Structures are given as C-alpha cells and as structure tokens.
Amino acid sequence: MKAIVNIYLKEGVLDPQGKAVHHALSTMGFGDVSSVRMGKQVILELKTSDEKAAKVEVEKMCETLLANTVIENYTFELVK
Amino acid sequence: MSIAVLFFPGTNCEQDTKYAVEKLGYKAEVVWHKESILPKDTEAVIVPGGFSYGDYLRSGAIAKFSPIMQEVVRFANGGGRVLGICNGFQILLESGLLPGAMKRNENLHFISKFANLKVISNENSFLSLTKNGDLLNMPVAHADGNYNIDPESLKKMYDNGQVILKYASDNGEELNLNGSVDCIAGVCNSTKTVFGLMPHPERACENSLGGEDGNKLLKGFLSSI
C-alpha cells in the first residue's frame, strides 16, 4: 500500500514561494491565477495491507516528523 | 564545568562556537549527535549553526530525533541552559523547546550580511549585559529565518518578555530583514533558560571578524551557569 501525503502552509500563513511563483505566472501573462500555494508531497511505500493500522501510523508520522503543525497542515490518502 | 557544543552531520559552526566560548575563558566540548548523554560536567548546551541533515524536509526537522537532542530536551526540561544559533535555533523550534516555527525568507534569498539587532527585552541572562534599545551588529546567514507564530501566542511572548531581539536599521527602527513576524530575530522560552536567535554571535567575537558585539550575548548566557 502507498500513502500519499500532501503538506501545505496553513491558511493565513504567508507562503513566500507561492507568492513568487504567482508573480512569475502573472509576468508570463497567465492573468487568470488569483493565488498560488506551494506544498510538499511525500510518497510512502507501506508494508502493511491493513488500512486502519496504516492510517494511524501515517497520522503519527505526519504529526511527529513530516509536517510542522505550528505552520503546516497535511492531508493523505492511502492507495492500494 | 564545560559547555557542550552539539555537532550534527552538516553542522558547520561548531569550531567557531567552541573558539568563541573558549576565548571567554570557558571550557567547551564538541559533542557528536549520536551520543545519548551529555558530558558529565556539562553546565550549558549550545546548538550551533550549519545545515544539519542538509536541511532536508525542513531545517532542523530531522536533527530533533537524534539521540543527543533527546538528552538536550531532558536537560532543558530540568532547567538546563540551552542556546540555539541559526540552524540551532531552528532545531530548538522543531524540538518544541522554543515557541514558533521558521519559514523560507520572504524574498527567497539566502541572506548573508551584517545586520543590526535591537534589544527588546534584557530581563534574561542572555541579554543581561545589554540595555533595552541597544543596537548590536553581527552577521546573519540563513535561508529559513522567517519566524512565524500565531498572534495569540505572540502576545503572550511579549507579555512575558520572550521576544528579545529584533532586526533594526542603523537608527534603531524595526527592519524587515527576512519577513519574520514583527521583525523578530531572537526569542526565549517562558522560564528564560532556553534562547534562540538567527544571527551569529560567535562570528562577532573579535574585531578582526568585524566586531565583537557577539561577546556580550555569549558572556551573558555563560555568566548564568
């Protein structure tokens, strides 16, 4: 099983990289973009096939290492 | 009595820090990250600057799980004095010993230059040799120094004198160097035993380096032990 973890800065926390990319897109003429948020994606290969156990484990990994919950939010999905 | 200076893979300021501490007449010992106990006579810990674990994932995020950091957290929770400089500050934030978190600098640049720091609260050992409003000049060298914290926690920090240093212009006005909330350059914990700052006091420890303002801070920190 795979876990696909997405990590983003929380809403309201200014994202300097997103802002720079937004600026670049605007300069290139992509005027339709109203905001850009940058994030990270972490793909974990898990040994277990027990979805419930995997969810608990991945949640723990996110809380302790993968995300800094002071400024970041995370979401993840499990893919068989 | 000895000052433990931590050394992770990617740390690059441990010898400078040891030099600055020894210059002030204290014994310093570099301690490898795989050690699970601090040297017996450790009176204070300094987490120096660099790029521990290549800054992978987030600056300081991986170092917090090294054996020595588990011990430093125990040491700090028992009232031990800890100072984090630059990457060391980031590690202390990730470890939860200091409040807040670091983001990439607002302009996305690695900022490496001398900066002015304004003393905001000197009611702690670290800044005990300075006065509120004093300007100190020392180098900064970081890409992730954009300090962030929620408004409610920030207010508590102000009320408790935990916002200790801010970036400033030559005439002492707050200066937005890297995007930090309220131009914050350094903070301490609620009991004023753990300190962190992005600028490098050890790189301003003698005039041949461009100044010795850093000595005031290191001396203050060391005098409390």
Choice from A:Gly31, A:Gly18, A:Gly39 showing the highest fluctuation, given a GNM over chain A with Cα pairs closer than 10 Å: A:Gly31
Residue-averaged beta-carbon neighbours from other chains (10 angstrom radius) around B:101-108: 5
Percent breakdown of C-alpha pair distances by 10 Å bin, ordered from the shortest bin, for chain B: 9, 38, 40, 13, 0
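Please give the calculated 222 nm ellipticity per residue for chain B, where each DSSP H segment of at least 4 residues contributes -39500 (n - 2.57) and the sum is spread over every residue; nearest 500 deg cm²/dmol?
Details: 5 runs with 49 residues, N = 225.
Helix contribution divided over all residues of chain B: -6500 deg cm²/dmol.
For B:Ile37 and A:Leu46, FRET efficiency with R0 = 35 Å and r from the beta-carbon atoms, rounded to 0.05? Spell out each step's value before the answer.
Working: r = 34 Å, r/R0 = 0.98.
Approximately 0.55, to the nearest 0.05.
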Cross-link partners of A:Lys2 among lysines (Cα-Cα below 20 Å; sequence separation of 8 or more within a chain): A:Lys40, A:Lys47, A:Lys52, A:Lys55, A:Lys60, A:Lys80
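Considering Cα pairs under 8 angstrom that are at least six residues apart, work out the relative contact order of region A:2-79 and quote it in whole percent. Each step should come with its number before you reach the end.
Numbers: 92 pairs, mean separation 41.2, N = 78.
For region A:2-79, the relative contact order is 53 percent.
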Shape category assigned to the protein assembly as shown from the gyration tensor of Cα positions, a/c cut at 1.5: oblate
On Cα atoms only, tilt of A:51-61 relative to the major axis of chain A in degrees: 60
Inter-label distance, nm, simple model (7 Å from Cα along the C-beta direction), B:Lys23/B:Val181: 3.4
Listed residue pairs exceeding 24 Å between alpha carbons, taken from B:Lys27/B:Lys103; B:Lys27/B:Lys219; B:Lys64/B:Lys113: B:Lys27/B:Lys103; B:Lys64/B:Lys113
CD proxy at 222 nm, helix term only [per DSSP H run n ≥ 4: -39500 (n - 2.57); per residue of chain A; nearest 500]: -9000 deg cm²/dmol
Region B:97-225 - percent relative contact order, Cα under 8 Å, separation 6 or more: 30
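No lab work stands behind these numbers, since they all come straight from the coordinates. All values derive from a computational prediction rather than experimental measurement. As a convention, Cβ positions derive from the backbone with ideal geometry for all residues, glycine included, and neighbour counts pool all protein chains shown.
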